[in-house]
Each structure stands twice: as structure tokens, then as C-alpha cells.
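So the structure is just underneath, and the comments pick up after that.
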């Protein structure tokens with residue numbers, strides 16, 4: 001069974017440009033998360049979905065970040081416009097329970 | 001401010017040595033997870049513990065959840081180079097599948 005699939009793996013953009021990340025979770029996992037991981041730090045939650053509903057987006061910078069999860073499966077995370085401080089690894093994870101948390105390989109974003 | 005403090009931040013040891021890494025908080029968690037993350041990859045879940053005082057073993061790895069559910073430890077026996085990586089703990093609160101991560105312990109096991 002395929003794990004959590006993320007694309008692209010790497011993205012380099014100039015500041016003020018838009019960028020989007022895509023995530024395909026494990027089949028049957030109703031809960032989907034987007035995390036941001038800065039260098040030398042643990043992941044920080046940006047948004048959590050239960051099916052297609054965003055149930056926790058308190059950490060999402062809503063002025064420039066947006067996310068959607070259509071039909072409760074795939075999800076996209078968008079940044080517009082990107083800032084230098086947005087450089088980080090963006091991780092998607094899905095779970096069916098606290099025992100079944102699976103992360104994707106992440107998208108490494110560099111804003112120049 | 002990190003909800004979970006991990007120590008040490010860095011650890012470099014020789015193959016065959018034993019080690020323990022710690023995860024501490026002043027907050028009570030309903031569950032606690034340990035992950036290992038390799039460069040360029042996402043974290044991989046090693047274990048989830050939910051009961052105060054619980055001990056789980058995974059081959060050479062032993063995980064313990066503190067009695068008060070505020071802290072945890074990971075002990076590795078006879079470390080191998082394949083154990084090299086970033087070890088992250090994550091504390092879960094409530095029934096909402098919300099986990100808070102520590103900053104991790106970067107382990108290097110030299111052959």
C-alpha cells in the first residue's frame with residue numbers, strides 16, 4: 001500500500017510568488033494534517049481536517065495561507081504571497097487513530 | 001515556547017553503547033508518541049503510549065511513559081549505525097488527535 005504521497009519534493013520560488021503543495025493521504029484515513037518543520041525543530045501543526053472539514057486551523061496564518069481538502073481525500077496547501085520566513089519543510093500526515101499516524105516525505109520550500 | 005523539551009539535543013556515541021533520551025513537559029498528555037526522522041524524509045512513528053507508567057519494547061528500543069503522563073523516555077540498547085536519526089516525541093491532548101512535537105534529539109551512532 002502506498003504511503004502518504006506529497007508533491008513536489010522541492011520547490012524554489014522568489015518572494016511574493018504563490019506556491020502550492022499537494023498531498024494524497026493513505027486510503028481510508030479520515031484525518032489529514034499539514035505541518036511545517038523549520039530547520040532543527042519539530043513539526044508544528046498548521047491545519048487538521050476530519051474528512052473535508054477543517055477542525056483545527058488555529059495555527060494557520062490565514063492572511064497568506066489557505067488549504068482545502070476536496071471530497072475528503074486529497075489536500076492542497078497554498079501560500080500567496082510567499083515570504084522569506086516561509087522557507088521550511090511542509091509535511092502532510094494522515095491517520096485513522098493515534099496508533100496509525102503516517103507522514104509523507106514532505107516538500108522542502110526555499111523562498112529567495 | 002516549546003510544550004515538550006527534549007534532551008539531549010545532540011548525542012554522538014559508538015556502536016554498541018546504550019543511550020537514553022528524554023522528553024519532558026509540565027503539561028499532562030493523554031498519549032505520547034515517539035518518531036524517528038531521517039534527513040529528507042518525514043517522521044516515522046515508532047510507538048504510541050497512552051497509560052501512565054506504560055512501558056513498550058520494540059526490539060532494542062524501550063519506551064516509557066511517566067506515571068503522571070508528563071514525561072517519557074526512550075532507551076536504546078546496543079546502538080547501531082542504523083539507529084542514527086532525529087528522535088522526536090509528540091504529546092497528544094484530549095480526544096482531538098492534536099499532537100505537539102518536541103524539537104528532537106539528533107543521534108549519531110558511529111561504527
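The values are calculated or read from the model by the stated rules, or taken from the named source; none is laboratory data. As the structure is a computational prediction, the values presented were derived from the model and not from experiment. Here the Cβ positions follow ideal geometry from the backbone for every residue, glycine too, while neighbour counts run over all protein chains shown.
Looking across region B:20-36, the residues that are within 16 Å of residue B:94 (Cβ to Cβ) and either surrounded by 15 or more Cβ atoms within 10 Å (Cβ to Cβ) or more than 9 Å from chain A (Cβ to nearest Cβ) (or both) come down to B:25, B:27, B:28, B:29, B:31, B:32, B:33. Within region A:56-101, being touching a residue at least 12 places away in the same chain (Cβ under 8 Å), closer than 24 Å to residue B:32 by Cβ and over 13 Å from the mean Cα position of the chain (by Cα) holds for A:95, A:96, A:100. Taken over region A:64-85, the residue count meeting the criterion of being at pLDDT below 95 and loosely packed, with under 13 Cβ neighbours inside 10 Å is 2. In region B:37-55, the residues that are more than 11 Å from every other protein chain (Cβ to nearest Cβ) form Cβ pairs under 6 Å with partners that are part of a strand (DSSP E or B) and crowded, with 21+ Cβ neighbours inside 10 Å, at six or more places apart or across chains, as follows: B:54/B:65.
Tell me which residues, restricted to region A:21-55, are closer than 28 Å to residue B:3 by Cα, without any contact (Cβ under 8 Å) to a residue 24 or more places away in the chain and assigned to a loop (DSSP other than H, G, I, E, B).
The answer is A:40, A:41, A:42, A:51.
When A:40, A:104 are checked against the criterion of being facing another protein chain (nearest Cβ under 8 Å) and buried (at least 20 other Cβ atoms within 10 Å of the Cβ), A:104 stands alone in meeting it.
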